[in-house]
Amino acid sequence: MADVINEQEIKESIIEVLKTVFDPEIPVNIYDLGLIYEVNVFADGNVEVVMTLTSPNCPAAVSMPSEVEEKTKMVDGVKDVILELVFEPPWGQEMMSEEAKLELGFL
């Protein structure tokens, strides 16, 4: 019998890993900042991550997506990662979690 892939468990593990990635200019992880728009886990173990940056001119425009891809690939059950970097909709402070807003003094 083939291995059964639990997409929800893998997605939760990926989100935990993404919470270890930080924007170098903001002391909050990229997941709580709202930079991760989607994490899609497919039955074959492939994963699609749709993310953005705080701005198209972000100094971490190369390093941050690479780190997201590398860390996502390290999660058990992930075979390959397709990372899509998008700028629509543009990122805004309203996309941050309550925790991030509180930490940055927006609440």
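Please enumerate the residues belonging to the range 63-82 that are under 16 Å from THR20 (Cβ atoms) and aliphatic (A, V, I, L, M).
Here is the first cut: in the range 63-82, the ones under 16 Å from THR20 (Cβ atoms) are 63-76, 78, 81.
Those that are under 16 Å from THR20 (Cβ atoms) and aliphatic (A, V, I, L, M): MET64, VAL68, MET74, VAL75, VAL78, VAL81.
Are any residues in the range 1-12 outside any loop (DSSP other than H, G, I, E, B), of a type outside the set (D, E, K, R) and either in contact (Cβ under 8 Å) with a residue 40 or more places away in the chain or in contact with a Gly (Cβ under 8 Å, 6 or more places away or on another chain) (or both), and if so, which ones? Break it down stepwise before answering.
The initial filter retains those residues of the range 1-12 that are outside any loop (DSSP other than H, G, I, E, B), namely 7-12.
Within this subset, residues satisfying the condition of being of a type outside the set (D, E, K, R) are 8, 10.
ILE10 - this is the single residue of the range 1-12 that is outside any loop (DSSP other than H, G, I, E, B), of a type outside the set (D, E, K, R) and either in contact (Cβ under 8 Å) with a residue 40 or more places away in the chain or in contact with a Gly (Cβ under 8 Å, 6 or more places away or on another chain) (or both).
Could you check, for the range 47-56, whether at least one of its residues is surrounded by 14 or more Cβ atoms within 10 Å (Cβ to Cβ) and in a helix (DSSP H, G or I)?
Step one: filter the range 47-56 for residues surrounded by 14 or more Cβ atoms within 10 Å (Cβ to Cβ), giving 47-54.
Add one more test, that the residue is in a helix (DSSP H, G or I), and what stays is none.
Looking for residues that are surrounded by 14 or more Cβ atoms within 10 Å (Cβ to Cβ) and in a helix (DSSP H, G or I), one finds none in the range 47-56, hence no.
Out of GLU69, GLU38, which single residue is free of Cβ contacts under 8 Å to residues at least 24 places away in the same chain, crowded, with 16+ Cβ neighbours inside 10 Å and of a type outside the set (A, V, I, L, M)? Steps first, please.
Working: GLU38 fails: crowded, with 16+ Cβ neighbours inside 10 Å.
Only one candidate passes the filter, namely GLU69.
For the range 13-31, state whether one or more residues are modelled with pLDDT of 95 or more, surrounded by fewer than 17 Cβ atoms within 10 Å (Cβ to Cβ) and not in a helix (DSSP H, G or I).
yes
Within the range 86-107, which residues are free of Cβ contacts under 8 Å to residues at least 60 places away in the same chain and surrounded by 15 or more Cβ atoms within 10 Å (Cβ to Cβ)?
Passing the criteria: TRP91, LYS101.
The values are calculated or read from the model by the stated rules, or taken from the named source; none is laboratory data. Please read all numbers here as calculations on a predicted model, not as lab measurements. Here Cβ is always computed from backbone atoms with ideal geometry, including for glycine, and neighbour counts include all displayed protein chains.
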